[in-house]
Every structure is written in C-alpha cells, then in structure tokens.
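The structure appears right after this line, and notes come after that.
The values are calculated or read from the model by the stated rules, or taken from the named source; none is laboratory data. Computed from a predicted structure; not experimentally measured. FYI the Cβ positions are ideal-geometry reconstructions off the backbone, even for glycines, and counts take in every protein chain you see. In case anyone asks, the SASA skips ligands and DNA or RNA and just uses the protein heavy atoms, side chains included. Shrake-Rupley method; radii C 1.70, N 1.55, O 1.52, S 1.80 Å.
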Amino acid sequence: QVRLVESGGGAVQAGGSLRVSCTVSGRTSTIYAMGWFRPAPGKEREFVATITTIEGNTDYADSVKGRFTISRDSAKNTVYLQMNSLKPEDAAVYYCAALEFDGSDDLTDASDYDYWGQGTQVTVSP
C-alpha cells in the first residue's frame, strides 16, 4: 500500500555533508509523520529526526542537533535529511519510515512506525 525508497547515500570524509532522500508512493494520505532512523547498539533502530506531514513540526536526536536538518516537499512526496559536519560515528545505514497515527504513537519510537524503506548506506571516514 505504501512504499518508501531511499537514495543519496555515499561516502564522505569527516566534516563533510550528504543529503539523503526518501520518496513515498502508494496511499500517502494517511501518513501522519516521517522519520529517519539508524541502527544503534542494543537496538534495532534509533531515532534520528522526524517531521509531521502537514504541520512540518520537527524533532531531532540530541546527537545530531545543530548538524542535521529534516525537511519535506509535499508536492514531490519526498522527505530529505541534510547531514552536515558528519562524524565517523554517524556512519550507518539510514532508514526512512512512515507513521500512520493511531492516537497513541510516539514519533521517536521505531516500533510505532508502519512502513520502512530498505535503507541507504552512509560511510564517514575519519
């Protein structure tokens, strides 16, 4: 019903920048929020950034505040994550996710998201 496809990953040196994209197709009218997640020790996914579909409200993990920016282009059904001042510890597969709000969702909790992309690899060399 809903499909997410990430793109834009690559390899950069520490201090460099990348922008990853997530294009959504299918039934998009019920999507309340979009998020970017990455694997973390002891967890399947950790929250990086989220944005609500209509309001455009954003939220960021403490580890990326001031460096990453999430945005959306509703006309293109696309969400972006601009990553600046990249650090080696940022290297990961970045996953795009979509949430259909049921009234009790935590937008920072990966387990509450309903649809996932396949991920795009970001490599940061020291």
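The set of residues in region 1-18 that are crowded, with 16+ Cβ neighbours inside 10 Å and outside any loop (DSSP other than H, G, I, E, B) comprises Leu4, Glu6, Val12, Leu18. Filtering region 33-43 to residues that are of a type outside the set (A, V, I, L, M, F, W, C) and either part of a strand (DSSP E or B) or modelled with pLDDT of 95 or more (or both) leaves Gly35, Arg38, Pro39, Lys43.
A residue that is open to solvent by 60 Å² or more (accessible area, probe 1.4 Å), within 20 Å of Ser7 (Cα to Cα) and of a type in the set (A, V, I, L, M) occurs nowhere in region 23-38. Of all residues in region 46-55, those being under 14 Å from the mean Cα position of the chain (by Cα) and either assigned to a loop (DSSP other than H, G, I, E, B) or surrounded by 19 or more Cβ atoms within 10 Å (Cβ to Cβ) (or both) number 6. Which residues, counting only those in region 92-126, are under 20 Å from Gly42 (Cβ atoms), of a type in the set (A, V, I, L, M, F, W, C) and in contact with a Gly (Cβ under 7 Å, 6 or more places away or on another chain)? Listed by number, the residues that qualify are Val93, Ala97. Here is a check on your reading of the model: is Phe68 in contact with a Lys or Arg (Cβ under 6 Å, 6 or more places away or on another chain), surrounded by 12 or more Cβ atoms within 10 Å (Cβ to Cβ) and under 17 Å from Thr108 (Cα atoms)? Spelling it out, it is not the case that Phe68 is in contact with a Lys or Arg (Cβ under 6 Å, 6 or more places away or on another chain), surrounded by 12 or more Cβ atoms within 10 Å (Cβ to Cβ) and under 17 Å from Thr108 (Cα atoms).
If you scan region 103-126, which residues turn out to be open to solvent by less than 70 Å² (accessible area, probe 1.4 Å) and farther than 22 Å from Leu18 by Cβ? Before you say what the answer is, go through the steps one by one.
Of the residues in region 103-126, the ones open to solvent by less than 70 Å² (accessible area, probe 1.4 Å) are 103, 105, 107-110, 112-113, 115, 117, 119-120, 122-125.
If the condition is that a residue be open to solvent by less than 70 Å² (accessible area, probe 1.4 Å) and farther than 22 Å from Leu18 by Cβ, then Gly103, Asp105, Leu107, Thr108, Asp109, Asp112, Tyr113, Tyr115 are the ones that fit.
In region 74-102, which residue that is part of a loop (DSSP other than H, G, I, E, B) and aliphatic (A, V, I, L, M) is surrounded by the most Cβ atoms within 10 Å (Cβ to Cβ)? Full working, then the answer.
We begin by selecting, within region 74-102, every residue part of a loop (DSSP other than H, G, I, E, B); these are 77, 84-87, 91, 100-102.
Those still in the list that are aliphatic (A, V, I, L, M) too: 86, 91.
Numbers: Leu86: 22, Ala91: 18.
It comes out as Leu86.
Look through Leu107, Leu86, Leu18 and report the one residue that is under 18 Å from Val5 (Cα atoms) and at pLDDT 95 or above. Reasoning before the result, please.
On the way: Leu107 fails: under 18 Å from Val5 (Cα atoms); Leu86 fails: under 18 Å from Val5 (Cα atoms).
Leu18 is the lone residue from the list that is under 18 Å from Val5 (Cα atoms) and at pLDDT 95 or above.
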